[in-house]
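Just below is one structure, and these are the notes that go with it.
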Amino acid sequence: MAEKLLEVKNLRTEFKRDKTWVTAVNHVSFSIDKGEILGLVGESGCGKSVTSLSLMKLLSPINSRISDGEVLINGKDILKMDKKEIRKIRGHEISMIFQEPMNSLNPCMKIGKQIVEAILLHNDIKKEEAYERAAEVLRLVGIPEPDVTLKSYPHQLSGGMCQRVMIAMAMSCEPELLIADEPTTALDVTIQAQILELMEEIREKKNTGILMITHDLGVVAEMCSRVIVMYAGRIVEEAPVQELFASPKHPYTQGLIASVPKLGSGEESLPSIPGSVPDLAVMPQGCKFAPRCKYAMEICHEQEPELLTDESGVHKCRCHLMNQKEQEAQNV
């Protein structure tokens with residue numbers, strides 16, 4: 001059996017809006033094994049990045065809170081750790097590639113100091129060795145002159161270069177779990193392929209678990225072994241990657257896959273999902289996807305479906321229509 005690296009149980013994250021609390025992540029549960037790449041997909045505003053920031057305990061306590069759940073890394077609950085304990089975990093056991101590199105790097109510090117700071121925090125080595133390791137990891141992510149980059153400030157680099165610096169920083173201490181939030185968004189296709197290849201090499205060599213958050217279903221198909229689809233802060237489908245692409249059960253997943261262009265299809269226009277993700281403060285009653293779903297029934301607008309597992313034991317779906325079909329198939 002695979003060894004569990006991360007277990008997320010009933011995670012619930014809320015944000016304060018005016019004088020009320022709205023739910024951004026609603027009782028989300030999943031796990032990642034050592035050496036596994038798990039994909040997390042969905043439209044903007046579905047709760048993917050909030051989930052990742054909750055796992056790292058990086059949300060501001062002023063206007064946000066994790067009101068329920070557990071986040072276990074190697075059996076230790078991150079949510080119960082104080083600041084000192086969590087600093088030992090971040091970067092060493094769990095690390096993150098942030099979505100916006102220009103906002104995540106300190107504009108007042110040189111690149112070298114920012115990377116070396118993390119290396120020195122988790123390794124008993126001298127500063128000279130830390131700089132050598134920083135240069136090596138920059139070289140690994142495709143930066144041609146790492147010594148020059150180490151002496152540069154973030155504003156002196158392009159967006160793509162900053163993205164590679166963020167990836168290098170996250171990988172510098174060889175974490176057991178890597179959270180990659182849109183890791184290749186600002187990169188051209190050549191560098192994107194190199195970064196994905198590098199992440200795969202790290203997974204193979206170090207048995208690193210990876211949570212891959214992305215809009216790119218092509219990246220998911222190439223990199224991931226399992227996929228979670230989120231909508232309005234909830235998991236609506238979870239399945240092995242080949243199973244999900246071959247037989248998506250939830251109408252939302254079907255819409256996402258249908259909107260991806262297919263080589264040689266000859267279609268003039270791609271189908272799209274009507275409407276948009278609902279506002280956190282005015283969630284519809286029943287199934288949160290029902291207002292946009294062409295298959296919506298009366299019960300969909302009245303009662304929220306449960307996330308149920310099909311007879312295979314590995315494919316989960318939160319949909320009244322799909323659950324109804326499963327029950328009918330079992331009764332035949």
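The values are calculated or read from the model by the stated rules, or taken from the named source; none is laboratory data. None of these values were measured; they are calculated from a predicted model. Here Cβ is always computed from backbone atoms with ideal geometry, including for glycine, and neighbour counts include all displayed protein chains. Heavy atoms of the whole protein, side chains included, go into the accessibility calculation; ligands, DNA and RNA do not. Shrake-Rupley method; radii C 1.70, N 1.55, O 1.52, S 1.80 Å.
Can you tell which of Glu306, Glu238, Glu222 is under 22 Å from Arg12 (Cα atoms) and under 18 Å from the mean Cα position of the chain (by Cα)? Let's see the steps before the verdict.
Working: Glu306 fails: under 18 Å from the mean Cα position of the chain (by Cα); Glu222 fails: under 22 Å from Arg12 (Cα atoms).
Testing whether each residue is under 22 Å from Arg12 (Cα atoms) and under 18 Å from the mean Cα position of the chain (by Cα) leaves just Glu238.
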Which one of these does Arg17 not meet: (1) of a type in the set (D, E, K, R); (2) open to solvent by less than 60 Å² (accessible area, probe 1.4 Å); (3) within 30 Å of Val277 (Cβ to Cβ)? (2)
Could you list all residues from the stretch 108-137 that are in contact with a Gly (Cβ under 9 Å, 6 or more places away or on another chain) and under 24 Å from Glu182 (Cα atoms)? Ala118, Ile119, Ala134, Ala135
Reported set for the stretch 132-164 where residues are surrounded by fewer than 19 Cβ atoms within 10 Å (Cβ to Cβ) and hydroxyl-bearing (Ser, Thr, Tyr) is Ser152, Tyr153, Ser158
Looking only at strands (runs of 3 or more DSSP E) that lie completely in the stretch 178-282, which have at least 1 residues being surrounded by fewer than 18 Cβ atoms within 10 Å (Cβ to Cβ)? 234-240
Output the number of the condition that Met102 fails; it satisfies all remaining conditions of (1) on the phi < 0 side of the Ramachandran plot; (2) at pLDDT 90 or above; (3) touching a helix residue (DSSP H, G or I) at 6+ places or on another chain (Cβ under 6 Å). (2)
Number of the condition not met by Ile86 [criteria: (1) within 24 Å of Met212 (Cα to Cα); (2) open to solvent by 30 Å² or more (accessible area, probe 1.4 Å)]: (2)
Exclusive hit being more than 18 Å from Leu307 (Cα to Cα), modelled with pLDDT under 95 and open to solvent by less than 30 Å² (accessible area, probe 1.4 Å), set Gly35, Gly42: Gly35
Kindly list, by first and then second residue, each pair from a residue in the stretch 211-223 that is farther than 19 Å from Glu243 by Cβ to a residue that is of a type in the set (Asp, Glu), limited to pairs with Cβ atoms under 8 Å and residues at least 6 apart or on different chains. Ile213/Asp181; Ile213/Glu182; His215/Glu43; His215/Glu182
Just for the stretch 1-14: of the residues that are open to solvent by 20 Å² or more (accessible area, probe 1.4 Å) and of a type outside the set (Gly, Ala, Ser), which one is farthest from Val50 (Cα to Cα)? Met1
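Say whether the condition of being closer than 19 Å to Ala170 by Cα, surrounded by 15 or more Cβ atoms within 10 Å (Cβ to Cβ) and in contact with an Asp or Glu (Cβ under 8 Å, 6 or more places away or on another chain) is met by at least one residue in the stretch 52-67.
Checking the stretch 52-67: at least one residue is closer than 19 Å to Ala170 by Cα, surrounded by 15 or more Cβ atoms within 10 Å (Cβ to Cβ) and in contact with an Asp or Glu (Cβ under 8 Å, 6 or more places away or on another chain).
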